[in-house]
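The values are calculated or read from the model by the stated rules, or taken from the named source; none is laboratory data. Note that this is a predicted model, so its numbers are computed, not measured. Reconstructed Cβ throughout: ideal geometry from the backbone, glycine too, with neighbour counts over all protein chains shown.
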Amino acid sequence: MSRVVVTGGAGRLGRSVVETLAAAGHEVVSIDRGEIVGSPARQLSIDLLDAAAAAAAFSEIRPDAVVHLAAVAVPGALPDPEIFDINTRLVWNVLEASLGSGAGALLVASSPTVIGYGSPSGWAPAYLPLDEDHPVAPWNGYSASKVAVEEIVKMAVRKHGDRLRLGAFRPCFVIAPEEWEGAPTQQGHTLAERIADPSLSAVALFNYLDARDAGEFVAAWLERAAPADSDVPNGTVFFVGAADALADAPTAGLLAEHVPEAAAAAPSLEGDAPVFSSALAERLLGWRAQRSWRTELRTLVPSTAVPADQEA
Ligand SMILES: NC(=O)c1ccc[n+]([C@@H]2O[C@H](COP(=O)([O-])OP(=O)(O)OC[C@H]3O[C@@H](n4cnc5c(N)ncnc54)[C@H](O)[C@@H]3O)[C@@H](O)[C@H]2O)c1
C-alpha cells in the first residue's frame, strides 16, 4: 500500500483510476478543481496552475507516488496556444511539487494523438500496428502539448536520474462505465451510434479503452515501474488500449474504406486487431485490457434496435 496523489481525479479517467487504486489498497488523494460525490478518495480542490498551491498541497500530503491526469483533455476545447500553455504548465507544476514533496514516482497522461492521425495536411502510418517507436507528428495545440509532456518526462529522467521514477502513458479513447449503458461519450455520440456508424470512430483509428482497464494499467505501473529497484526503464512511454478495435468488422477493411491513407499498411492487422499496440505494457508491466465493447456494451446499436412502436 502506498499514498498516491491523482491529479484530475474528478475527471472521466480520474474517477476510475481513483476507484481502482483505492480498491487495490492505496491511500488515494484526488487533487482537482472539481469534486465528485461518493469518491473513495480524500479530495482537495486546488487549481494546479497555481504552482505555490500545488507545492504546498503535495508537501502536506507527502505522497509516495503521483498520477498526473489533470489537463485540458479535448483538442479544440480552447485556442491552441492556451491548451499548449495550460497542459505544459500543469506538468511543470506537478513535477516540481512531486520532487519537492519527496515523492518517488510520477506517471503522466499523454495521448495517442501525438501520432498525428487526422492531420489536415495528410497523414499515413509508417507501419501498423502503431507502437511507441512510431514517429510522432502533432498537428494541433493538444497533441503538441502531449509531445511536450513526454519530452518533459524524458528531460526529468536526464536531470534527476533515479531520484524519481517517471513514466508516461497514451490512453486510447476512454470509455467510462456509464457510457456502456448509453451515456454520451467524450465526443458526444453514444457507443451504439459509434458501432453503427464506423466513420465516427475512424477519425481516432477505432481506438478505445475501458476506464477500469485504464485504472488497472495505472495500478500495474505503480506496482512494477514505480519501485526504486524496478527494471522497467525510467521514463518509458506506453500505449494503453483495448485488445480489439471499436468496430463490428475487420479492422483492415474498415481502414481501407474510411482512412485510405492507412490502407497500404492495414493488411498487417488481423481480424479485429487494434491499430494501436499495447504489447509493451503487456511485456514490461504484465498489463492487458480485460474488457471489450463486445462484452460491455449494454445498449442495442440503433440500426438493430426495434422501434418502440414496432415492439411486440
Ligand atoms: N478521455 C480520453 O479519451 C483521453 C485520451 C487520451 C488522453 N487523455 C488524457 O487523460 C487525462 C484525463 O482525461 P479525462 O478524459 O479524464 O479528462 P477530464 O476533462 O474528464 O478530466 C480532467 C480533470 O482535470 C481537472 N483539471 C483541469 N485543469 C485543472 C487545473 N488547473 N487544476 C486542477 N484540476 C484541473 C478537471 O477539473 C477535470 O476533472 C488528460 O491528461 C487527457 O489529456 C484522455
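All conditions in (1) closer than 18 Å to Gly100 by Cα; (2) modelled with pLDDT under 95 hold for Ala51, with the sole exception of (2).
Would you mention how many residues in the stretch 187-203 are touching a residue at least 40 places away in the same chain (Cβ under 8 Å) and part of a helix (DSSP H, G or I)? Adding up the residues that qualify gives 9.
Taking the condition of being out of contact with any Gly (no Cβ under 8 Å at 6 or more places or on another chain) and surrounded by 14 or more Cβ atoms within 10 Å (Cβ to Cβ), how many residues in the stretch 43-69 meet it? Count: 13. For Gly215, the criteria (1) assigned to a helix (DSSP H, G or I); (2) in contact with a helix residue (DSSP H, G or I) (Cβ under 8 Å, 6 or more places away or on another chain); (3) surrounded by fewer than 19 Cβ atoms within 10 Å (Cβ to Cβ) hold in every case but one, which is (3).
Residue selection: Glu82 fails the criterion of being free of Cβ contacts under 8 Å to residues at least 12 places away in the same chain, over 19 Å from Leu107 (Cα atoms) and of a type in the set (Asp, Glu). Only one entry of Leu44, Leu13 meets the criterion of being within 8 Å of the ligand (Cβ to nearest atom), farther than 16 Å from Glu223 by Cα and among the hydrophobic types (A, V, I, L, M, F, W, C), and that entry is Leu13.
Taking the conditions (1) modelled with pLDDT of 95 or more; (2) part of a loop (DSSP other than H, G, I, E, B); (3) away from the ligand (no atom under 11 Å from the Cβ); (4) touching a strand residue (DSSP E or B) at 6+ places or on another chain (Cβ under 9 Å) in turn, Leu21 satisfies each one other than (2). Starting from residues that are within 16 Å of the chain's Cα centre (by Cα) and not in a helix (DSSP H, G or I), keep the ones in the stretch 256-280 and report whichever is surrounded by the fewest Cβ atoms within 10 Å (Cβ to Cβ). Taking the candidates together, the pick is Ser277.
Among the residues of the stretch 51-89, those identified as in a loop (DSSP other than H, G, I, E, B) and more than 8 Å from the ligand (Cβ to nearest atom) are Arg62, Pro63, Asp64, Pro75, Gly76, Ala77, Leu78, Pro79. Number of residues in the stretch 221-239 that are over 28 Å from Tyr127 (Cα atoms) and assigned to a helix (DSSP H, G or I) equals 3. For the stretch 94-127, a residue qualifies if it is in a loop (DSSP other than H, G, I, E, B) and touching a residue at least 60 places away in the same chain (Cβ under 8 Å), and the qualifying residues are Ala103, Gly104, Ser110, Ser111, Tyr117, Gly118, Gly122, Trp123, Ala124, Pro125, Ala126, Tyr127.
All told, Pro184 falls short of being under 24 Å from Ala281 (Cβ atoms), within 16 Å of the ligand (Cβ to nearest atom) and either acidic (Asp, Glu) or modelled with pLDDT under 95 (or both).
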